[in-house]
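The values are calculated or read from the model by the stated rules, or taken from the named source; none is laboratory data. Worth saying up front: this structure is predicted, and the values here are computed from it rather than measured. Virtual Cβ from ideal backbone geometry, glycine too; neighbours counted across all protein chains shown.
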Amino acid sequence: MTDADLQFNEDQEFARPTAAAQSPVLARLVLKTGIVSTREQANYALLGIAVIGILFTFFMLFSGGSMSAPHPVFKEGQNVLVSPGAPMP
């Protein structure tokens with residue numbers, strides 16, 4: 001038998017799907033909701049959600065309070081003016 005007589009059966013029956021054929025799980029989830037209609041739109045929607053999440057995180061981190069001095073502690077016997085409706089020290 002020579003090399004010219006040797007034949008291979010090259011069916012792609014058990015071939016793995018290419019990376020281009022597979023969609024990421026989150027993109028498929030966004031597509032299933034019906035909010036977007038293409039994979040590219042799903043990617044942009046996910047990017048927008050990530051940006052909003054990052055902005056929300058920075059907002060929560062940097063709006064936690066002021067760096068001013070704490071309220072003064074009053075000792076017994078001091079004269080304190082308190083506006084009506086304000087809690088007593």
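Which one of these does Val25 not meet: (1) more than 18 Å from the chain's Cα centre (by Cα); (2) surrounded by fewer than 10 Cβ atoms within 10 Å (Cβ to Cβ)?
The one condition Val25 does not meet is (1).
Just a yes or no: is a residue in the range 33-48 part of a loop (DSSP other than H, G, I, E, B), at pLDDT below 85 and surrounded by 10 or more Cβ atoms within 10 Å (Cβ to Cβ)?
No, the range 33-48 has no match at all.
Please work out which one of (1) in a helix (DSSP H, G or I); (2) at pLDDT 70 or above is the condition Ala4 fails and give its number.
Here Ala4 clears every test but (2).
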